[in-house]
Amino acid sequence: MPLSAAGLALRLVLVALLAGAVGGGLLTVLQAIKTEPLIRAAETFEHAATGAAPGGATAAPEEWEPAPGLERWSYTLLANALAATGYALILLAGFTIRRGVTWRSGLIWGLGGFAAFVLAPMLGLPPPLPGTELADLAGRQAWWIGTVVATAGGLALIAFAEPRTKIAGAIILALPHVIGAPTPEGFSAVPAEIAGQFVSATLFTNLVLWLALGALTGLAFSRFVSGSRSAA
Amino acid sequence: MSTNQSIQAPSIDAVSVDRQTRAAVAIAMVVLGAVLVWGVGFAHPAFIHNAAHDTRHALTYPCH
């Protein structure tokens, strides 16, 4: 029985919520082990430099922020699940266009997502730590978004387009790095060792997240969306 | 639609959905996904920033 557009969309959203919940939980565990100790360490240097009270984000003190401990972790888990659901929806959109996927080819899609959302932006912008010296936020956000879109589009063209169009894909892929990311003017008080470890920690954490999301959404799509006719 | 038909076809088949419908649904999913990622990673209100602070750092979104 063919699915209607609404039926297909509903199934994709349900699969994305499921994968997002699992991925968000996994990300939270990885964060606790890998990235969070480094963020807290950087925040001590940030607060020492600015004279602010420790315990949270860097917004103005009168702004609400979650209390340290369970409340902060609860919001982090929720935000992780929502972001992972967003990633899952984008993967599932790709599966829908390409018609078929397995958990194995889902892993390849996950690697593509990792390349687009993590690796390519990190080639220009180091993962930001609290207290580090950074270029203007709007400029960094614009370059980040542009790089994600160009990398995803470029990879899709290279993977799926006709040979001549693949060259256009490669050019689009390289374009953000030819333009170049905004660079900061000074240096921060956060030790370079912490910043270096944070690069390794975020690469590891995000790679595992994307592989898990790729395999999970691939498996769920083949089981619940494309039935038994998935074409790998 | 006869009940017989739905009994005979228990498996769901998105593969047979036509190309235009699949493209439209895929675009809607990308938009929805992008809205979620933008909301968690880029929305400016301070309470959203503070709630999603550690997530933004872990996912390497531009922050601060």
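The values are calculated or read from the model by the stated rules, or taken from the named source; none is laboratory data. Everything quoted here is computed from the prediction, not taken from an experiment. All Cβ positions, even for glycine, are placed from backbone atoms using ideal geometry, and neighbour counts span all protein chains on display. All accessible areas refer to the heavy atoms of the entire protein, side chains included, with ligands and DNA or RNA removed. Shrake-Rupley method; radii C 1.70, N 1.55, O 1.52, S 1.80 Å.
Taking a ≥ b ≥ c as the square roots of the Cα gyration tensor eigenvalues, the range A:92-232 comes out oblate, since a/c reaches at least 1.5 and a/b does not exceed b/c.
Here the range B:16-58 is treated as a sphere whose radius is the Kirkwood value from Cα pairs; by Stokes-Einstein at 20 °C and 1.002 mPa s it diffuses with a coefficient of 179 µm²/s. Sequence-distant contacts, meaning Cα pairs under 8 Å at least 6 residues apart, place the relative contact order of chain A at 35 percent. FRET efficiency for the A:Ala21 to A:Ile179 pair, using the beta carbon distance and R₀ = 25 Å, is estimated at 0.10.
At R0 = 22 Å, how high is the FRET efficiency between A:Ala161 and B:Ala43 if r is their beta carbon distance? Nearest 0.05 is fine.
The computed FRET efficiency comes out at 0.05.
Relative to the longest principal axis of the Cα atoms of chain A, helix A:137-160 runs at roughly 20 degrees.
To test your reading of the geometry: what angle, between 0 and 90 degrees and rounded to tens, separates the Cα axis of helix A:70-98 from the longest principal axis of chain A? Helix A:70-98 sits roughly 30 degrees off the main axis of chain A. Nonpolar atom fraction for chain A, defined as the carbon and sulfur part of the 1.4 Å probe accessible area, stands at 70 percent.
Were the residues from A:Trp73 through A:Leu137 laid out at 0.36 nm apart, the gain over their Cα-Cα distance would be 20.5 nm.
Buried surface for the A/B pair, taken as the accessible area of each chain alone minus that of the pair with a 1.4 Å probe, is close to 4500 Å² in total. Here the protein assembly as shown yields Rg over Rh of 1.02, to two decimals, using C-alpha coordinates and the Kirkwood radius.
Calculate how steeply helix A:36-50 sits against the longest principal axis of the alpha-carbon atoms of chain A, using the helix alpha-carbon long axis, and give the answer as 0 to 90 degrees to the nearest 10. Between helix and principal axis, roughly 40 degrees.
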